[in-house]
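Working notes for the structure below.
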Amino acid sequence: MLDEKLLSILVCPQDRGPLLLVDDELLYNPRLRRAYRIEDGVPVLLIDEAVTVTDDAEHHRLIKRASGESG
């Protein structure tokens, strides 16, 4: 699990905006629809390794999961 203090200072390396934590699995930038994986508790904030979310339904699911909603 990511420390709250660390999470509060992490930003997207591409637009420098805040990231959403999704189930301790990834950090998500909903503005650019970019997902950054977390490996063994370490965020991998490399632009070249981020996954672009093109599907609208998946985008909305990630936002819901980040807010603690199921589905």
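The values are calculated or read from the model by the stated rules, or taken from the named source; none is laboratory data. The model shown is predicted, which means the values in this text are computed figures rather than measured ones. Please note: Cβ atoms are built from the backbone with ideal geometry, for glycine as well, and neighbour counts cover all protein chains shown. Accessible surface is based on the protein model in full, side chains and every heavy atom, while ligands, DNA and RNA are left aside. Shrake-Rupley method; radii C 1.70, N 1.55, O 1.52, S 1.80 Å.
Observations on the model:
- Looking across region 26-46, just one residue is exposed (fewer than 15 other Cβ atoms within 10 Å of the Cβ) and in contact with a Lys or Arg (Cβ under 8 Å, 6 or more places away or on another chain), and that is Val44.
- Pairs where the first residue, in region 33-48, is closer than 12 Å to Cys12 by Cα and modelled with pLDDT of 95 or more and the second is charged (D, E, K, R) and open to solvent by 70 Å² or more (accessible area, probe 1.4 Å), C-beta under 6 Å, 6+ apart: Val44/Arg37
- Among residues of region 11-25, those that are out of contact with any helix residue (DSSP H, G or I) (no Cβ under 8 Å at 6 or more places or on another chain), touching a residue at least 12 places away in the same chain (Cβ under 8 Å), under 23 Å from Glu69 (Cα atoms) and open to solvent by 30 Å² or more (accessible area, probe 1.4 Å), counted: 2
- Residue, farthest from Asp48 (Cα to Cα), within region 1-14, restricted to residues that are in a helix (DSSP H, G or I) and under 13 Å from the mean Cα position of the chain (by Cα): Ser8
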